[in-house]
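What follows is calculated from the coordinates using simple rules that are stated; it is not laboratory data. Model, not experiment: these values are computed from the prediction. Cβ coordinates were reconstructed from backbone atoms using ideal geometry, including for glycine residues, and neighbour counts include every protein chain displayed.
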Amino acid sequence: MSKRPPLKSSVLLGVAKVLPRCRWCYCSPAKFSNGFISLVLNGSKGSFTLVSQQNWPQVHGVPAIQGQLKSVDEDFFVDEIAAEKPSGEGKFLWLQVEKKSTNTDWMIREIAKTIEAKPEQIGYAGLKDRHAVTRQWISLPGFFERKLEQQDHVAGFKILQRERSKQPLKPGMLKGNRFEIRIRQLSAAEGQPELTQNEIEQQLNQKLQKIAAEGFANYFTEQRFGYENIAVAKDFLEKDKPVAQSKQGFYFSVARSLIFNDYLAQRIQRQNWNQCIEADLLLEHETGKQKFAPEIARFAATVAKGKLSPSGPMYGKGEPRAGGQAYSLEKQVISLHSDLAVGLISYGLKMKRRSLRIFAQALSWRFEENDLLLQFELPAGCYATALIRELVDYRSASQQPNDRLASN
């Protein structure tokens, strides 16, 4: 375990540049009601409400339909889209594996145990959910191949392909994921009027058409936050409570994801999550390139077409590069997480950007009796459940407290 590095004066100065002082934000004390935080900033900047995690707003309206997600693992199928294919030769062995009812971390430990390797010798591009059927590539040094010759199936997963490559897999070497999802037991949501099957299908068809055309909010969802991940991240970064070094990166991500989601929620409340505002920092969907937008008129049409989208902070050291109205809102959100922000900077995390809006590729759907079947692709780091929460108020039959490392 490693403790937080001591803060240097230059780091503290960097925080001061981003975090507004109380006299800047005119903040009044936080008010707590029914477990939801409502912090209002008064003054010339206007009112500002921090939305709770349980109530981050949808962009296509609150769902009037509910459904069951992951009744069985086969209801949630994920096929990893690798950023590159194995070269066919080299000193590393790539394996395409299919797993069920296990997360990537557990699978890697089991493979390491089977071939007498260290878990850190096994590479992967992305983590996959436990409660699903998933396919992904992993890599290991080629000299372990002989030990794997008789191992096509180990409890919880099986090996589908074996290929040689010149380099190992590393986190981030991932283009995206392909999803096939079944949502069962569709009905009117609690408190909503009863709906016939035809009415349910009509409402979902309309929403799916809007999602296909306009995209949806690029939230981090429960796979990132779990039951207690936010609390652990706050204890780690705000109170310096020890966390195993192997888990620190995950809790950095939890903290940054919380700040990002709160910023996205503010943009949705202002109805400009998919529009260019003054001095926005935009991201190009195809390339990921950043574009500063000092003039709204210059970029408004390109944003409306979905080629560019506004971005939000994945907080860390460095200037946000957004300005004007966009930067002002970022500072307000970050100020509400000032202890987390200081912790992230003290560990040397660098500022990154994430698109507020995402589009599902190859989106298709059909109905089977009382179920909705979805097929679509998302870029790496985007969550299928962020799309699903726009459609239905869902309950996951398999959500467990120990799923903290799961990611779709």
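How big is the equivalent ellipsoid of segment 82-174 along its three axes, where each semi-axis is √(5λ) from the Cα gyration tensor, reported in whole Å from largest to smallest? It would help to have the intermediate numbers written out before the result.
On the way: eigenvalues 67, 49, 27 Å².
After diagonalising the Cα gyration tensor, the semi-axes are 18, 16, 12 Å.
Short version: ³J(HN,Hα) in whole Hz for each residue of segment 156-167, in order, from phi by Karplus 6.51 cos²θ - 1.76 cosθ + 1.60 (θ = phi - 60°), x for Gly and Pro, what are they?
x, 7, 9, 8, 9, 9, 10, 9, 8, 8, 7, 9
Can you tell me how much longer the chain between Ala362 and Trp106 gets when fully stretched, taken as 0.36 nm per residue apart minus their C-alpha distance, in nm with one decimal?
Details: separation 256, 0.36 × 256 = 92.16 nm, distance 3.10 nm.
So the chain would gain 89.1 nm between Ala362 and Trp106.
Using r as the Cβ-Cβ distance of Ala297 and Phe143, and R0 as 51 Å, what FRET efficiency do you calculate, to the nearest 0.05?
Efficiency at R0 = 51 Å is approximately 0.25.
Taking the simple approach of a point 7 Å from Cα along Cα-to-Cβ for both Glu194 and Glu284, what is their distance in nm?
Using points 7 Å along Cα→Cβ, the separation is 5.5 nm.
Go through Lys100/Lys207; Lys305/Lys350; Lys113/Lys247; Lys118/Lys175; Lys85/Lys113 and tell me which ones have a Cα-Cα distance over 23 Å in this structure.
On the way: Lys100/Lys207 31 Å; Lys305/Lys350 30 Å; Lys113/Lys247 20 Å; Lys118/Lys175 27 Å; Lys85/Lys113 27 Å.
In this structure, Lys100/Lys207; Lys305/Lys350; Lys118/Lys175; Lys85/Lys113 lie more than 23 Å apart at Cα.
Treat each spin label as a single point 7 Å out from the Cα along the C-beta direction, and report the Lys247 to Lys118 distance in nm.
2.1
Please turn the phi angles of segment 195-206 into ³J(HN,Hα) values with the Karplus equation 6.51 cos²θ - 1.76 cosθ + 1.60 (θ = phi - 60°), one per residue in order, whole Hz, x for glycine and proline.
Whole-Hz 3J(HN,Hα) from phi for segment 195-206: 10, 6, 4, 4, 5, 4, 5, 5, 5, 5, 4, 5.
Could you compute the net charge surrounding Glu390? Neighbours are other residues with a C-beta less than 9 Å from the C-beta of Glu390; K and R count +1, D and E count -1.
Counting the neighbours of Glu390, the net charge comes to +3.
Assuming 0.36 nm per residue, please report the length gained on full extension of the stretch Lys305 to Asn370 beyond their Cα-Cα distance.
19.9 nm
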